[in-house]
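First up is the structure itself, then whatever we jot down about it.
The values are calculated or read from the model by the stated rules, or taken from the named source; none is laboratory data. Keep in mind the model is a prediction, meaning the values are calculated, not measured. Cβ atoms come from the backbone with ideal geometry, glycine included; neighbour counts cover every protein chain shown. Just the protein is used for accessible areas: all its heavy atoms, side chains included, with ligands, DNA and RNA removed. Shrake-Rupley method; radii C 1.70, N 1.55, O 1.52, S 1.80 Å.
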Amino acid sequence: MNSIPDQVRSIKSGFNYPQIWSFLQSKGTELYGKKFQLYPEDAEIILKLTTWFIKDEHQAQKMNIDLEKGILLVGPVGCGKTSLMNICRFLLPAAKRHSIKSCRDVSFEFMKEGHDIFHKYTRGSFHQEPFEPKTYCFDDLGLESTMNFYGNQCSVMAEIILSRYDLFHSFNMITHLTTNLNSSEIEERYGNRVRSRMRELFNLVAWSQNTQDKRK
């Protein structure tokens, strides 16, 4: 197991950040095998995610994290976006954990089932008891294709983001996204309307584009 970075040990908080780091390392090893490790150079990214998931208001203010918004986790291929969003789920009670859904899979669902998919991930995205919005993490935004359903082309994720934006304002519906697209690429692909609403929906947490692929 890797050592705990000084940046984590030095945090003054009512929450035990070194213990949380060890928990995330242990959970990552459980889910991904013995080769999994949290990297000291990713400490700031991991701390921002941890702060959001444990709702540490004091640390969130210091790190400029809005606890009322979701997470937009941006970084190059292989930096660990999906695995971190997966293990951080376990910092929450089971009923509050987000579900992770590949954007490609959502697009394939649309191709198979049509517009019912929009309801599933937007206005149908509520728990029944208690009546609360479901949180989704849509993984790898940008890898999905523009899909056809009976000849009708549709940018599925753009429509889902726009609808969940409305539900964010109406019901505090939280959404997370991971992507390797930068802001200009997101705007080029999904339009200015989507990009503008994403600024309200998400805290941007990003790796440097020079970050190496950890899968090598």
Report, ordered by chain and residue number, the lysines lying within cross-link reach of Lys12, taken as a straight Cα distance under 19 Å and ignoring same-chain residues fewer than 8 apart.
Lys48, Lys55, Lys62
Let me check I've understood the local charge: for Leu177, count other residues with C-beta under 14 angstrom from its C-beta, Lys and Arg +1, Asp and Glu -1. What total comes out?
+4
Computed FRET efficiency, Cβ-Cβ of Leu31 and Arg193, R0 41 Å: what is it to the nearest 0.05?
0.65
How are the alpha carbon pair distances in the chain distributed across 10 Å bins from zero to the largest one, expressed in percent?
8, 32, 36, 19, 4, 0
Compute the accessible area per residue over the chain, keeping the other protein chains in place, probe 1.4 Å, unit Å².
54 Å²
Among all helices in the chain defined by DSSP H, which have a length of 20 Å or more along the axis from Cα atoms plus a Kyte-Doolittle mean of at least 0.5?
156-171
Here the equivalent ellipsoid of region 26-68, derived from its Cα gyration tensor, has semi-axes (largest first, whole Å) of 25, 11, 6
Assuming R0 = 22 Å, what is the FRET efficiency of Gln128 and Leu67, from their Cβ-Cβ distance, to the nearest 0.05?
0.30
